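Values in this text are rule-based calculations from the coordinates and carry no lab data. All of these numbers come straight from a predicted model, not from anything done at the bench. Here the Cβ is made from the backbone with ideal geometry for all residues, glycine too, and neighbour counts use every protein chain on show.
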Amino acid sequence: NQHLNKTAENKKTRHCDGFKIFLTLLSFSYVAKALAGIFMKISSTQIERRFEISSSLAGLIDGSFEIGNLFVIVFVSYFGSKLHRPKLIGIGCFLMGTGSILMALPHFFMGYYRYSKETNIDPSENSTSNLPNCLINQMLSLNRTPPEIIERGCVKESGSHMWIYVFMGNMLRGIGETPVVPLGISYIDDFAKEGHSSLYLGTVNAMGMTGLVFAFMLGSLFAKMYVDIGYVDLSTIRITPKDSRWVGAWWLGFLVSGIVSIISSIPFFFLPLNPNKPQKERKVSLFLHVLKTNDKRNQIANLTNRRKYITKNVTGFFQSLKSILTNPLYVIFVIFTLLHMSSYIASLTYIIKMVEQQYGWSASKTNFLLGVLALPAVAIGMFSGGYIIKKFKLSLVGLAKLAFCSATVHLLSQVLYFFLICESKSVAGLTLTYDGNSPVRSHVDVPLSYCNSECNCDESQWEPVCGNNGITYLSPCLAGCKSSSGNKEPIVFYNCSCVEVIGLQNKNYSAHLGECPRDDACTRKSYVYFVIQVLDAFLCAVGLTSYSVLVIRIVQPELKALAIGFHSMIMRSLGGILVPIYFGALIDTTCMKWSTNSCGARGACRIYNSTYLGRAFFGLKVALIFPVLVLLTVFIFVVKKKFHGKDTKVSENERQVMDEANLEFLNDSEHFVPSAEEQ
């Protein structure tokens with residue numbers, strides 16, 4: 001008896017040790033995936049500038065993660081539980097890390113970043129002689145090469161299509177991340193002590209949350225670093241993190257997350273298929289399985305049964321799919337959650353660009369505030385929502401009303417944002433005439449003024465200077481400046497004739513390098529905007545908690561898995577992939593000045609019309625959210641009619657599902673949309 005007790009104790013200890021090791025490793029892998037996901041979101045604008053691409057193309061690169069995920073989601077869902085789950089998770093983490101490193105590789109093959117491509121200025125030279133002013137351009141114009149000769153000898157710049165590697169790397173990262181969450185959750189659910197799975201899932205997801213916070217903090221740090229840090233003398237770089245041409249060390253984030261992911265993958269290959277069985281028992285069971293399958297009669301019988309099973313499953317699948325797609329409650333639910341989540345995906349993808357263009361904040365400052373304030377607000381909101389649902393034991397109608405309140409708050413916040421839009425910057429040649437006296441109807445082909453018409457300026461040049469009249473000029477030449485302070489910091493240009501015509505009394509017609517800052521009124525609006533953003537994140541997160549329960553309450557119990565899976569597929573394909581693309585295309589329409597390379601090809605946007613940008617962005621979000629309120633009203637009406645007099649309270653099992661879904665909802669590093677497997 002003593003020997004048997006000792007053996008049982010050893011097995012229990014072995015199981016606990018193996019399971020705890022798996023739990024620790026899965027937590028580490030969650031941190032790795034959180035790092036990579038957030039780095040992609042916050043580096044989108046940096047990637048756009050580095051590869052000289054539009055916002056819509058940057059949105060396609062962002063959505064490639066979901067494309068990769070959709071490629072293998074069916075395979076993982078069907079075969080994952082039948083194979084060696086720890087090894088599959090290890091393979092996923094390795095692919096995730098490989099994809100992240102592939103995304104960083106173009107940095108090492110593209111050469112130095114040239115932020116003044118329009119003028120072919122070498123970033124390693126900080127001399128103002130490289131910044132053509134009016135007098136220099138007049139002399140250069142005598143020996144200027146005709147444009148047709150330049151175009152004839154133009155060679156495509158190396159690295160112009162290197163963004164494809166970022167696209168492929170992000171897709172590979174999506175493929176790799178697919179097995180991590182669903183197989184990790186199923187493994188915990190299978191081998192955890194009864195009633196302890198929620199606790200373990202909470203622990204794992206809490207670690208994932210720390211990964212999100214670390215990602216924002218590191219992203220803030222990397223955004224401050226110049227892209228070619230370690231390769232160029234930083235004292236020679238004229239631009240600052242607030243400049244529209246600034247590119248931070250975007251590649252460093254992917255390199256860090258890639259290395260962390262690969263390291264996290266290695267131990268998974270040494271974990272057992274089943275922590276309950278010691279190695280010898282697994283070998284014996286494998287040997288017995290081989291002996292059984294060697295029997296030819298058994299093989300034939302198994303093959304016949306398998307064919308019947310597959311046929312039955314395929315038929316049952318289509319019948320089940322038809323059943324959920326003919327369920328009006330489910331169809332309405334899918335549509336309004338898609339519209340609601342699309343608004344949040346757009347916010348997460350483009351919030352850095354919006355804040356930068358509207359209020360002049362740097363990406364580093366925005367990342368820091370998002371990590372410190374907005375992310376904790378979402379976390380607290382999700383758990384508060386769960387507490388409200390449990391405390392008041394909300395019915396289906398109550399859950400729908402909570403979602404309605406969430407959508408209403410989100411809609412009101414978008415309307416408030418319209419009052420916080422700053423006026424577009426005063427830019428001579430884009431919003432004003434070059435003499436600064438009159439506004440222009442269109443930023444396209446604004447004619448030169450008498451103050452700079454004799455300077456022979458290159459109108460495609462973007463080297464902005466701020467006149468002491470508060471107006472930004474596209475270049476020192478277009479400001480009509482005749483001299484400069486040399487290499488002395490800060491660089492100042494003097495005798496600027498286009499500044500002079502404003503009629504300043506002190507006759508100090510000068511301009512300094514860089515765009516003019518936003519005024520005090522706009523700065524105050526930026527703080528109000530961020531306060532509303534945090535409150536909106538908290539209050540909406542409270543309501544969104546109900547979605548994870550609604551999806552399993554409006555279909556038959558046996559169709560829960562399919563309903564969640566189909567919902568996830570729609571969210572990822574029509575939300576995660578398409579939203580960054582069509583919002584990016586909308587943002588591109590508000591661009592006033594595009595960069596051009598030496599061949600004249602269009603690159604990234606240098607400055608947007610902030611008024612049109614705000615109206616277009618928030619207007620489209622309102623257009624997405626308003627139908628949500630209408631559909632939720634219809635949903636509540638149909639629920640009342642269908643479940644009139646029936647008990648629609650949340651059961652204990654559904655509360656447990658809700659808790660787990662909330663944790664996964666928070667830990668989704670790509671966007672706040674829970675996947676099917678996660679739930």
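Under a 5 Å amide H cut-off, with hydrogens placed 1.01 Å from N, T433 pairs with S438, V440 among residues at least 5 apart or on other chains.
With K and R counted +1 and D and E -1, the other residues having a Cβ less than 11 Å from that of I554 yield a net charge of +3. Extension gain, I164-V622: 0.36 nm per intervening residue step, less the Cα-Cα distance, totals 161.6 nm. Within segment 426-517, the proportion of C-alpha pairs whose separation exceeds 19 Å stands at 29%. A crude spin-label estimate for the pair T611 and D520, with each label 7 Å from Cα along the Cβ direction, gives 2.3 nm.
Could you work out how much longer the chain between V528 and M217 gets when fully extended? Use 0.36 nm per residue separation minus the Cα distance between them, nm to one decimal. Mind showing how you got there, number by number?
Details: separation 311, 0.36 × 311 = 111.96 nm, distance 2.25 nm.
That pair, V528 and M217, stretches by 109.7 nm at full extension.
Ranked by the mean number of other Cβ atoms within 10 Å of their residues, highest first, the peptides 404-412, 166-174, 389-397 fall in the order 166-174, 404-412, 389-397. In whole Å, what is the distance between the alpha-carbon centres of segment 365-437 and segment 178-227? Measuring centre to centre over Cα atoms gives 25 Å. Close amide H pairs (under 5 Å, H built 1.01 Å from N) link I607 with M592, K593, residues at least 5 positions away or on another chain.
May I ask you to derive the FRET efficiency for L234 and C405 from their Cβ-Cβ distance with R0 = 45 Å, giving the value to the nearest 0.05? Between L234 and C405 the formula returns 0.35. Across segment 370-380, rounded Karplus estimates of 3J(HN,Hα) from the backbone phi angles (6.51 cos²θ - 1.76 cosθ + 1.60, θ = phi - 60°) give 4, x, 8, 10, 5, 5, x, 4, 5, 4, 5 Hz, Gly and Pro being marked x.
If I take R0 = 25 Å and measure r between the Cβ atoms of A206 and Y582 in this structure, what FRET efficiency does the formula 1/(1 + (r/R0)^6) give, to the nearest 0.05?
With R0 = 25 Å, the Cβ-Cβ based efficiency is 0.10.
Using the Cβ-Cβ distance between D445 and F418 with R0 set to 30 Å, the FRET efficiency from 1/(1 + (r/R0)^6) comes to roughly 0.50.
Subtracting the Cα-Cα distance of I388 and F75 from their residue separation scaled by 0.36 nm leaves 109.0 nm.
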